[in-house]
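Participant: After the structure tokens below, expect a handful of questions from me.
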Amino acid sequence: MTRNKAKIGDLISFQRKEITIEGVVEVVRENSVIVEISVESSQSLHYDTTKTVVNHAKYAVLSSSENS
């Protein structure tokens, strides 16, 4: 895992409610990214949507869209 600023299409990992979640970056903002997570992950977190916001300091890039 590398701690770089993610780009659109990158796979990232982050923690929520003591659960490790993986998702794909859809939007990059100045302080955070908007991530698409799986339906199963959103249900386990009791979210109504499969999108969530993650601060740049709170995730690790698992694979870059440039390497795919």
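Participant: Tell me the residue from Asn67, Asn4, Asn55 that is exposed (fewer than 14 other Cβ atoms within 10 Å of the Cβ) and at pLDDT 95 or above, please.
Facilitator: After applying the criteria, what remains is Asn55.
Participant: Moving on to the next point. Pairs, please: C-beta under 7 Å, at least 6 apart or cross-chain, first residue touching a residue at least 60 places away in the same chain (Cβ under 8 Å) and in the stretch 43-68, second of a type in the set (S, T, N, Q) and open to solvent by less than 40 Å² (accessible area, probe 1.4 Å)?
Facilitator: Leu62/Ser13
Participant: Taking Glu26, is it open to solvent by 40 Å² or more (accessible area, probe 1.4 Å), of a type outside the set (S, T, N, Q), part of a strand (DSSP E or B) and in contact with a helix residue (DSSP H, G or I) (Cβ under 9 Å, 6 or more places away or on another chain)?
Facilitator: no
Participant: Going through the stretch 7-23 one residue at a time, which ones are part of a loop (DSSP other than H, G, I, E, B) and either modelled with pLDDT of 95 or more or surrounded by 11 or more Cβ atoms within 10 Å (Cβ to Cβ) (or both)?
Facilitator: Result: Lys7, Ile8, Gly9, Asp10.
Participant: Hey, among the residues in the stretch 30-40 that are without any contact (Cβ under 8 Å) to a residue 24 or more places away in the chain and part of a loop (DSSP other than H, G, I, E, B), which one's farthest from Asn55 (Cα to Cα)?
Facilitator: Ser38
Participant: Another one. Do you know which residues across the stretch 41-66 are assigned to a loop (DSSP other than H, G, I, E, B) and among the hydroxyl-bearing types (Ser, Thr, Tyr)?
Facilitator: Selection gives Tyr47, Thr49, Thr50, Ser64, Ser65.
The values are calculated or read from the model by the stated rules, or taken from the named source; none is laboratory data. All of these numbers come straight from a predicted model, not from anything done at the bench. Cβ coordinates were reconstructed from backbone atoms using ideal geometry, including for glycine residues, and neighbour counts include every protein chain displayed. The area values use the complete protein model at the heavy-atom level, side chains included, leaving out ligands, DNA and RNA. Shrake-Rupley method; radii C 1.70, N 1.55, O 1.52, S 1.80 Å.
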